[in-house]
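Quick note: the coordinates plus some simple rules give every number you see, no bench work behind them. Values in this document were obtained by computation on a predicted structure and should not be read as measured data. With ideal geometry, Cβ positions are generated from the backbone for all residues, glycine too; neighbour counts draw on all protein chains shown.
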Amino acid sequence: MAKPRKDFSDNLKWNVKDLYETINDYNKAYEKLDKELVNYQKYQGHILDSAQNLYDLLTFDTACNRSLEQLFIYAHIQNDQDTTDTFYQEIFGKTYKLYEKAHELTSYIVPEILKSDYQVIAKFIEEKPALKEYERTLKDIFKVKKYTLSTKEEQLLSSMLSAFNTPDDVYSLLSDADMQFGTIKNEKNEKEELNERTYRKFLESNNRQVRKQAFTKLLNTYGNFKNTYATLLMAEVKNNNKIASIRGYKSALQASLYANDIPEEIYTNLINTVKKNIAPLSAYWKLKKEALGVSSLHIYDTYAGIINDISHKYTEKEAQELLNKALSPLGKTYIDDLNKAFNEGWIDFCPNDGKRNGAYCTACYNVHPYVLLSFDGTLNNVSTLAHELGHAMHYYYAIQNQKYQDYSYSIFVAEVASQVNQILLSKYLIANSPNKEDKKYLIDDLIGDFKATIYRQTMFAEFEKTIHEKDATGEVLTHESLCNIYYNLNKEYYGKNIIVDDVIKYEWERIPHFYMNFYVYQYATAYAAAIKIAMDILNNKENAVANYLEFLKLGCTKTPIESLKIAGVDMSKSSTIEESFTYFNDLTKELKSLYKE
């Protein structure tokens, strides 16, 4: 049973005092910003009166955004470290309302700037060179000129932000709070609660009956709510399609990709390339079936380890030492900076009662990144720590090298650094493990990451694309049609040598990322990029480390595609995705070879 947060030592908790020393300091900062926000009004109608006015508005806006970010991160992480604490629930709610207020008050800025053309801005920059620091921001504003509405229309859309978020909000409450899955019999034949937190553990069980029970019961329970989930998902899809149409985009997909400078070909190339490479996964299923000793492989068998999990447990200090060794190919400076996360209170390790599930990294430009996880000492948890610290170092280097308005990198590259860290950790463990059984486990685990990220996330991406297209053409999507689409995609992507169980048709109901508007494909593209970067580093390719570290510093000063080219990856070519399957095949061959020994 989890302990209350107060029972954990302070060295296992992140240092929130770096944000505000006391709650009174937070309150003072909140009140100060709340009063200052009214000053946005004095710029309305006058932004382009002069270069000085434009500069003053952008400088004021940057200062407000920095303050708001610090307030929001403080409230956000205090709430997440113990979601049962009603005091910080209120603080978070109050801060979010301030965020919404700021969003509405600033909604006139972009439409007003876009009443001119960029020649006016270029002239202002000549007149006032200090404006140069906002040049990228201004160019990005004009990039979306043809998709920006009038001031009144933008204010209207902005005021409806909460309404547009309703499908996601209801989904979260239904899935995280209201859904009950009952119990199943565990390996000891004892009743144990089944929920989204325990589900993965049951799927990884060595007991096939436990796996089957968990898989069947959880998905059938979702199936009982199929009409509700279908209504929620289609509301989300309709929102995306309607907003894209209102703004003049040809599709919701284009609207999502355009904001991040991603050509649609990258999305479609990913889907087409992965679908051409199903055979390697089918070959792996054949090996897995033999390793598990089953006559037929079902989807619920795919998460089971081919051997028992590595039992060694790590302390937080041992995890730090392991990561120092595994990530040493990135150089001494990187390791020294990484250790700041451990030594300066960036990480919250406590597995306390009420803590938000999962793990994440967030960042405050004024302070430093913060990492949340519930550390249990398992190797899987160490890998999660490596992942989140990849995000942290990406943020840290961008903060150190860019101005506030340029530090936040695109979501397209967001998962690259995290995956590079995990691959380097796994490769280090495989190379340095004297135990053949541990090597089998580690290689199979890497293969599992590839399967979950390249194959599975691409399947999700195609599902998302398909349902948006069908809705856009007027097709009415019911729970039955959603289930059929999802089931058929599973049949296609899982390939041969596996039985695709009928109940998998309900799985789309439990995927929260379908409420994030074409986000999932980036897990796959980022993983393919991370494979190339990590293998270039491990193969001592000339300038691989230097180029990668330069990539980490860029923030959003270059487009995502240009940024990755700095790191030696060209995502505009389908060959980059193709090359990742060579990596996958090499892992499968290595695993097969260990079984033959």
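Below, the figures for the structure above:
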| item | result |
| --- | --- |
| Calculated over segment 17-164: convex hull of Cα atoms, volume per residue (Å³) | 127 Å³ |
| At R0 = 35 Å, FRET efficiency that the Cβ-Cβ distance of His103 and Thr228 yields, to 0.05 | 0.75 |
| Over segment 510-556: Rg over Rh, Cα atoms, Kirkwood Rh | 1.15 |
| Net lengthening on full extension, Val294/Lys132 (0.36 nm per residue, minus Cα-Cα) | 51.9 nm |
| Estimated D of segment 373-496 in µm² per second, where Rh is the Kirkwood radius over Cα pairs and Stokes-Einstein applies at 10 °C, 1.306 mPa s | 89 µm²/s |
| Point-to-point label distance, Arg208-Tyr118, nm (Cα→Cβ direction, 7 Å offset) | 6.2 nm |
| Ranked by how many other beta carbons lie within 10 Å on average, peptides 49-62, 229-242 from highest | 229-242, 49-62 |
| Given charges at Cβ of Lys, Arg, Asp, Glu: segment 17-164 dipole, positive-most of Ile125, Tyr40, Ser67 | Ile125 |
| Rounded FRET efficiency, nearest 0.05, which uses the C-beta distance separating Glu550 from Lys35 and R0 of 41 Å | 0.50 |
| Surface/4 of the Cα convex hull for segment 1-54, nm² | 7.2 nm² |
| Label assignment, log10 I(q)/I(0) by the Debye sum over Cα atoms at q = 0.05, 0.06, 0.07 Å⁻¹ derived from the structure, set [x] -0.27, -0.39, -0.52; [y] -0.32, -0.45, -0.61; [z] -0.23, -0.33, -0.46 | [z] |
| Full-extension gain in nm, Asn220 to Asn260, via 0.36 nm per residue minus C-alpha separation | 10.6 nm |
| Segment 29-75 and segment 261-329: distance between their alpha carbon centers, rounded to Å | 46 Å |
| Cβ-derived FRET efficiency at R0 25 Å, Lys250 paired with Lys139, nearest 0.05 | 0.65 |
| Inter-probe distance in nm under a simple model that places probes 7 Å from Cα toward Cβ, at Lys13 and Glu437 | 4.1 nm |
| The chain: calculated mean residue ellipticity at 222 nm from DSSP helix runs of at least 4, using -39500 (n - 2.57) | -19500 deg cm²/dmol |
| Distance (nanometres) between label positions extended 7 Å along Cα→Cβ at Asn189 and Ser311 | 2.3 nm |
| Net dipole in debye of segment 17-164 [+1 Lys, Arg Cβ; -1 Asp, Glu Cβ; about Cα centre; nearest 20] | 520 debye |
| Å³ per residue enclosed by the Cα convex hull of segment 154-231 | 96 Å³ |
| Whole-Å semi-axes of the ellipsoid equivalent to segment 463-563 (Cα gyration tensor, √5λ, descending) | 37, 19, 10 |
| In Å, descending, principal axis extents of the Cα set of segment 254-411 | 57, 46, 37 |
| Mean-position separation - Cα centroids, segment 202-232 and segment 497-563, in angstrom | 27 Å |
| Contour minus Cα-Cα distance for Ala163 and Lys3 (0.36 nm per residue) | 53.9 nm |
| Alpha carbon convex hull of segment 86-236, volume per residue in cubic angstrom | 199 Å³ |
